[in-house]
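Remarks on the structure that follows.
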Amino acid sequence: MRGHRIELGEVEAALTALPEVAHAVVVQRESGRLVGYAVPAGTGADGGDLRRMLAAALPDYMVPSAVVVLERLPLTVNGKLDHAALPEPQTTAGTARSASNAVEEVLCSVFAEVLGVPEVGVDDGFFDLGGDSITSIRLVSRARAEGVNLTVRDVFDRRTVAALAAVAGSTPTAAVTMAEDGDLPLTPMAHWLAERGGPVDRFSQSLWIRTPRGLDRDTLERLLQQLLDQHAALRTVLTTGERDEHDVSDEQKWATIIRPAGTVRAADLLRYAHGELAELPALTEAARDRLAPRQGVMAQAVWLDRPGRSGRLVLVLHHLVVDAVSWQILLSDLDTAWRTGELPDTGTSLRQWAHLLPGQARDREDELPFWTRMTAPAAPLLDGPVDPARDTESAVRQHSGRLSAERTAPLLTTVPAALNATTGEVLLGALALALADWRTRRTGATTGAVRLDLEGHGRDETDPAIDLTRTVGWFTSVYPVRLDTGSGTWITEPYDDVALGRAFGHLKDQLRAVPEKGTGFGLLRHLSARGRSVLADAATPEAAFNYLGRFGGADAPAAGWSVAPEPGAFGGAADPALPVAHGLEITAMVRDDRLVVGLAWADALLPDNAAADLVDTWFAVLDRLTVCAASPVRSAPTPSDVSLADLSQDDLDLFEDELGELEEDDPGSFDFDEEGH
């Protein structure tokens, strides 16, 4: 608890300063939740009222999960605050204070739907209940469908139902300024793929979808036609042509266009099959072979019909037109079209967004010094650099691992809440620490810096008039980070949870220092002449990490349209001769409430046993973070956690150390008088 004294003091001061409060104290329960206890000043305000007042004055992470109103603060016979006599709040996450207006009712319902929990109260936090950056997009999309306007940034800044309801409706409706079909300027990811060289016809992602009973061919064809007509990206054509007006690169010249709605027919891309589930991999491979991006064949579908049982729909989409968020949009749209026959509007079109990017690139050129620092070298992770002639997709090996639902659950809820982090930050922070430990054991390198390419969903809304929550396309952003992991051993005894907590907090601050979640790097690297001149020769990190969010389980839609339960339901593929982008690629997702991770690496750069060791090391660090998060000594606050912007990490560490000495030498200095002061 010592590590959070600054937060407790600030929160307690804010609560005591309310005119409605006579005396107050804020404590941290063993669960990690902050709870306020207040003696009212006779105004009749209840705990919910006081909590809302605090939410208007404090950052969301500092707002107690509950405020309990007492007639007086309990004291011991010595006049000290009696912590043991402070009652537990009567409400907990999922059964907290209920909605008091229509907007809160909508948000409680949407929270529960997206997160797969039975009930949500207005004081529950989105990320505390297992949300992540990708599911936040679905939350915003579902809220807007119910008439409640939010942005993804609102979700990160406000987090709770009550706080979001207070700002709902202030988001402008996305302005539509151009037709969906026509020329499509190359996006940063299209440039990234073109630079790799080699064939790209099979560069795709696939999803196996469980279809509802009662589905027939005509209905399925109608549903797929609705998707093709609704989502312009699925009608993209890749051509090799002249450089477009925004192209500042010298790689193979590509151009893309979007054909009008109705020109791509579902009947032409849909195949039918009868058989057993064991045939799904072969059906998927055959569908990939039919992709032809230069002829505009960006999608293929196969329906494995199983009369009397739930069928399987295999969807294969070229990666140029889809990403992890897009799959969730398409899955939800299949369910909506099946139930209602209609689909909601898509917001900002892919084409409109792409036309805005060159201007955004020019506006982000002040980020170049930051990205130059991120491209500085670090000790190598692998057994050599990537050789494009040798290290192609045909020479890639793979290894996977998974955690049980019991070990995964804290990583989605209590661990992020206790460490003031998101699930993605927890996974990445643990991975960085694991990579440093693993590298030291493999190579003897003791430097703490680890370089990675990170993938983000790329849909962060810097302009409130842009709404990409329902737009299908490849919006992914890839950007390098150079993370200082310090020094320490996290998987062998003796364990040091204080050091681990501090190391994680330092990594979290480094990740939060990345401007606009990394979207600027691709813009500068590919769409800015000045940015390209600075960044074009920077070495690509050896390894990449991508957290794909949650699939199946909690976020599966109703009516049978859900991710199929078979292993391999979500996958990707590439042409065998395509050079690898990184020597080692690491992915993570939560599938049916279990963390599933995958490693893919160039065979010449890493032995199999080293890959398995890395997964084991990563899981061991995640387990240590789970223990650390439950410990009262888990982590001191870091600069990204506190509102005092002029405090450095050294200042915070010094304050914590001095406070610890004060508590040990003179515990009475924290006594309360008879009125609780």
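The values are calculated or read from the model by the stated rules, or taken from the named source; none is laboratory data. These numbers were taken from a predicted model, which means no experiment stands behind them. Here the Cβ positions follow ideal geometry from the backbone for every residue, glycine too, while neighbour counts run over all protein chains shown. Just the protein is used for accessible areas: all its heavy atoms, side chains included, with ligands, DNA and RNA removed. Shrake-Rupley method; radii C 1.70, N 1.55, O 1.52, S 1.80 Å.
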Highest average packing first - 278-284, 221-227, Cβ atoms within 10 Å: 221-227, 278-284
Overall Cα dimensions of region 448-501, principal axis frame, Å, largest first: 51, 20, 18
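Can you tell me how much longer the chain between residue 443 and residue 516 gets when fully stretched, taken as 0.36 nm per residue apart minus their C-alpha distance, in nm with one decimal? Walk me through the intermediate numbers first.
On the way: separation 73, 0.36 × 73 = 26.28 nm, distance 3.45 nm.
Length gained, residue 443 through residue 516: 22.8 nm.
If you take the beta carbon distance between residue 282 and residue 222 as r and set R0 to 45 Å, what does 1/(1 + (r/R0)^6) give as a FRET efficiency, to the nearest 0.05?
Values: r = 27 Å, r/R0 = 0.60.
In this case the efficiency is close to 0.95.
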Across region 337-343, in residue order, what do the Karplus-derived ³J(HN,Hα) couplings come to in whole Hz, using 6.51 cos²θ - 1.76 cosθ + 1.60 with θ = phi - 60° and x for Gly and Pro? 5, 5, 7, 10, x, 10, 10
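Share of antiparallel DSSP beta bridges in region 248-314, in percent to the nearest 5? Numbers along the way, then the final one.
On the way: 4 of 9 bridges.
DSSP beta bridges in region 248-314 are roughly 45 percent antiparallel.
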Most packed first (mean Cβ within 10 Å per residue), the peptides 502-509, 342-349, 82-89 order as 502-509, 342-349, 82-89
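If the viscosity is 1.002 mPa s and the temperature 20 °C, what translational diffusion coefficient in µm²/s does Stokes-Einstein give for region 282-328 when Rh comes from Kirkwood over Cα pairs? The partial results should precede the final answer.
Numbers: Rh = 11.8 Å.
Taking Rh from Cα pairs, D becomes 182 µm²/s.
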Binned Cα-Cα distance frequencies in region 264-367 - 5 Å width, integer %: 2, 9, 15, 18, 20, 13, 8, 6, 4, 3, 1, 0, 0
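Set the Förster distance to 56 Å, then compute FRET efficiency between residue 240 and residue 493 from the Cβ-Cβ distance, nearest 0.05.
0.45
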Under the Karplus relation 6.51 cos²θ - 1.76 cosθ + 1.60, θ = phi - 60°, what is the ordered set of whole-Hz ³J(HN,Hα) values for region 467-480, x standing for Gly and Pro? 10, 10, 5, 10, 9, 8, x, 9, 9, 3, 10, 10, 8, x
Would you please give the residues with an amide H less than 5 Å from that of residue 591, counting only those at least 5 places away or on a separate chain, with H modeled from the backbone geometry? 551, 596
Centroid-to-centroid separation of region 471-519 and region 576-605 [C-alpha atoms, Å]: 19 Å
Report, to the nearest whole %, how much of the accessible area of region 381-462 belongs to carbon and sulfur atoms, 1.4 Å probe, protein only. 48 percent
Can you tell me the Rg and the Dmax, both Å, for the Cα atoms in region 445-547? 17.0, 53
For region 406-460, what ratio Rg/Rh do Cα atoms give with a Kirkwood hydrodynamic radius? 1.07
Whichever lysines have a C-alpha closer than 29 Å to that of residue 253, once near sequence neighbours (fewer than 8 apart) are set aside: 517
Sorted by chain and number, the residues with a modelled amide H under 5 Å from that of residue 39, at a separation of 5 or more or across chains, are 22, 23, 24, 70
Set of region 379-423 residues, backbone N closer than 18 Å to the point 7 Å along the Cα-Cβ line of residue 604: 381-398
So what's the convex hull volume per residue for the Cα atoms of region 334-429, in Å³? 320 Å³
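Just to verify a number: FRET efficiency for residue 290 and residue 13, C-beta to C-beta distance, R0 = 60 Å, to 0.05?
Working: r = 65 Å, r/R0 = 1.09.
That gives a FRET efficiency of 0.40.
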Given H placed on each backbone N at 1.01 Å, which residues far from residue 544 in sequence or on other chains put an amide H within less than 5 Å of it? 453, 584, 585, 586
